[in-house]
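*Asks:* Here it is, the structure in full.
The values are calculated or read from the model by the stated rules, or taken from the named source; none is laboratory data. Here the structure is a predicted model, which is why all the values come from computation and not from measurement. Backbone-built Cβ (ideal geometry, glycine too); neighbour counts: all protein chains shown. Note: accessible area is taken over every heavy atom of the protein model, side chains too, but ligands, DNA and RNA are not part of it. Shrake-Rupley method; radii C 1.70, N 1.55, O 1.52, S 1.80 Å.
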Amino acid sequence: MDVVILENSDAVAAEGAQRICTLLGEKPDAVLGLATGRTPLAMYRQLAADCKRGRVTFADVTTFNLDEYVGLNADDPQSYRRYMNRELFEQINIDPSNTKLPMCEPGVNPVSVGPRYEAAIRAAGGIDLQVLGIGQNGHIGFNEPTSSLNSRTRVKTLTRETLERNSQYFDDADGQPLIAVTMGIATIMDATAVLLLATGQDKAAAIQQLVEGPVSAMWPATALQLHETVTVLIDDAAASRLEKRAYYDWVGQQRQRLQSQFDGE
Ligand code: PGA
């Protein structure tokens, strides 16, 4: 795991956007896995600005989001489809038909969504870069603690803590879905590369487990320790419980030193 610790959340957003721009420069038709929540918002704003300035194009990009609530219409203000349209897709030059979420609108059998989503990811050639946030309880996507580390896209019942944290987005608590469809952990592990973002003190315990804890379904993100190419992009606050913090900073200095030797090549 590459643990990159930056001074604040703005720097995390800028670095995350830069990495996506670099990938799209090298592979304009890349397949991106995307996340919702508060954490990636600033990075999406930066990508929108980069796109408007012509620094990056999404014309040939395909995206797959991690998750979606069961039983919400696409135009429901609380749906992740609406979030993604509002925060990113309508701000960039992406073809809307290339933006996918595991939608499960009313009347759709939730059990049918997962296998179809997995097939669509495979048909697109797999995910080149998966963007992730992390829950305070260590979830990635909606893979809550005790999720199978070998899980695929499927229905997941949300924990009380996740429901409580997300309830602020729902005016009417009765309208908040209790279940969602989420990419599984094995689905996420299939991505060629993973970029996990976390900012703030409230993520420090989950980040400590992710990077330094034992691999365990109790902290689903720890499965990423078994992935070959993961970057953990965090601010000082989210890094505050890392025991080997000095080592990660040292690695960062060595990386910069090495890079500067090859700059201009
Ligand atoms: P957040 O959510 O970015 O809103 O903190 C992250 C997550 O729950 O995965």
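*Asks:* How would Lys203, Lys52, Lys100, Lys244 line up by accessible area, probe 1.4 Å, largest first?
*Replies:* The most accessible residue leads, giving Lys52, Lys244, Lys100, Lys203.
*Asks:* Let me ask something additional. ³J(HN,Hα) across the range 95-109 via Karplus (A = 6.51, B = -1.76, C = 1.60, θ = phi - 60°), whole Hz, x for Gly/Pro?
*Replies:* 6, x, 6, 9, 10, 10, 9, x, 5, 9, 6, x, x, 8, 6
*Asks:* Still on this model: How big is the Kirkwood radius of the range 163-227, worked out from every pair of different alpha carbons and given in Å to one decimal?
*Replies:* 14.1
*Asks:* Work out how much length Val215 to Asn8 would gain on full extension: take 0.36 nm times their residue separation and subtract the Cα-Cα distance, in nm to one decimal.
*Replies:* Length gained between Val215 and Asn8: 71.8 nm.
*Asks:* Give me the percent of accessible area attributable to carbon and sulfur for the chain, probe 1.4 angstrom.
*Replies:* Carbon with sulfur: 49 percent of the solvent-accessible area.
*Asks:* A further question follows. Using a Cα-Cα cut-off of under 17 Å, which lysines could be cross-linked to Lys244, ignoring same-chain neighbours fewer than 8 residues away?
*Replies:* Lys203
*Asks:* For the range 125-265, with only Lys/Arg (+1) and Asp/Glu (-1) charged at the beta-carbon, what is the dipole magnitude about the Cα centre, in debye rounded to 20?
*Replies:* For this selection, approximately 360 debye.
*Asks:* With bins 10 Å wide starting at 0, give me the P(r) of the range 121-265 over every alpha carbon pair, in whole percents.
*Replies:* 11, 36, 33, 16, 4, 1
*Asks:* Ok, one more. Quick check: Cα centre of the range 231-245 to Cα centre of the range 101-164, how many Å?
*Replies:* If you average the Cα positions of each part, the centres end up 26 Å apart.
*Asks:* Give me the dipole magnitude in Debye, nearest 20, for the chain about the Cα centre, with unit charges on the beta carbon: positive for Lys and Arg, negative for Asp and Glu.
*Replies:* I would put it at about 240 debye.
*Asks:* Starting from the exponent 0.38 and prefactor 2.2 Å, build the expected Rg for the chain from its residue count and divide its actual Cα Rg by it.
*Replies:* Normalised Rg, Cα atoms only: 0.98.
*Asks:* Same structure again: Could you give the length gained by full extension between Leu41 and Ala124, i.e. 0.36 nm per residue of separation minus their alpha carbon distance, to one decimal place?
*Replies:* Here the segment from Leu41 to Ala124 would lengthen by 27.3 nm.
*Asks:* Still on this structure, I have one more. Using a 1.4 angstrom probe and counting only protein chains, how large is the accessible area of Thr229 in Å², to 10?
*Replies:* Rounded to the nearest 10, the figure is 70 Å².
*Asks:* Among DSSP beta bridges whose residues both lie in the chain, state the antiparallel percentage, nearest 5.
*Replies:* Given both bridge residues lie in the chain, the antiparallel proportion sits at roughly 30 percent.
*Asks:* Another question, if that's okay. Please compute the per residue accessible area over the range 44-172 with all protein chains in place, 1.4 Å probe, rounded to a whole number of Å².
*Replies:* That works out to 47 Å² per residue.
*Asks:* Using every Cα-Cα pair within the range 96-156, state what percent have a distance larger than 19 Å.
*Replies:* 40
*Asks:* Run down the lysines and flag those whose C-alpha is under 22 Å from the C-alpha of Lys27, throwing out any fewer than 8 positions away in its chain.
*Replies:* Lys52, Lys100
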